[in-house]
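For reference, the structure discussed in these notes is given below.
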């Protein structure tokens, strides 16, 4: 097991607030770093790198650059799906979906201090199991109609409230989140909101991030 301090950027922080997901299917390669930096400047405390291509060399280069950016800004850096890429790039951790491999294998590869998140879609029982197996946070979604996740299952606000009562881990909401609806999720008990399109399909990612963060902190 690799538990060396050099591989993990933080001391097992967990996502809270704005969780930005930068997706190469939306953001051009030559804008990845500038867009990520803008979102962080606007208030994102976690950044996830999402790339579904088969170009392993490109993915490693991009993930490593983003890891260095996040390290310099004190931002949690998560790699989507691929815990081996997360280890190679020096990420804080990995986010796993239904078919992304077992949590135990990711923990073995990344070490005890890694941040490992699990997609639970609309299944509270999945979140309960993930907590028992040692996950660091759980994600539910999609929460609202989504451009980037059009086929995903919906989670209701009541299901999120139920999860909040039954799970002690941080809860992340994802899917169709905008400044107009984010307060519904914070009221239901989410600790962080994961945002793709509302941050990176707009002209100004920094302003978009500020607007979402402002709504999250508004009481």
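Summary of values
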item: Test: residue in the range 149-157 that is part of a helix (DSSP H, G or I), under 15 Å from residue 192 (Cα atoms) and touching a helix residue (DSSP H, G or I) at 6+ places or on another chain (Cβ under 7 Å); result: yes
item: Options 63, 37; residue that is assigned to a helix (DSSP H, G or I), buried (at least 18 other Cβ atoms within 10 Å of the Cβ), modelled with pLDDT of 95 or more and out of contact with any strand residue (DSSP E or B) (no Cβ under 9 Å at 6 or more places or on another chain); result: 37
item: The range 192-205 residues that are modelled with pLDDT of 95 or more, paired with ones that are crowded, with 24+ Cβ neighbours inside 10 Å and in a loop (DSSP other than H, G, I, E, B) (beta carbon under 7 Å, 6 or more apart); result: 192/15; 193/177; 195/177; 198/177
item: Neighbours by Cβ (under 6 Å, 6+ apart or cross-chain): first from the range 40-55, on the phi < 0 side of the Ramachandran plot and surrounded by fewer than 24 Cβ atoms within 10 Å (Cβ to Cβ); second modelled with pLDDT of 95 or more and not in a strand (DSSP E or B); result: 40/73; 40/75; 41/206; 42/206; 42/209; 42/210; 51/24; 51/59
item: Single residue of the range 181-219 satisfying the filter (touching a helix residue (DSSP H, G or I) at 6+ places or on another chain (Cβ under 7 Å) and outside any helix (DSSP H, G or I)) that is surrounded by the fewest Cβ atoms within 10 Å (Cβ to Cβ); result: 218
item: Counted residues, the range 95-123 - those being surrounded by fewer than 20 Cβ atoms within 10 Å (Cβ to Cβ) and either more than 16 Å from the chain's Cα centre (by Cα) or in contact (Cβ under 8 Å) with a residue 60 or more places away in the chain (or both); result: 12
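The values are calculated or read from the model by the stated rules, or taken from the named source; none is laboratory data. All figures in this text were calculated on a predicted structure; none of them were measured in a lab. Don't worry about glycine lacking a Cβ; one is built from the backbone with ideal geometry, like all the others, and counts go over all protein chains shown.
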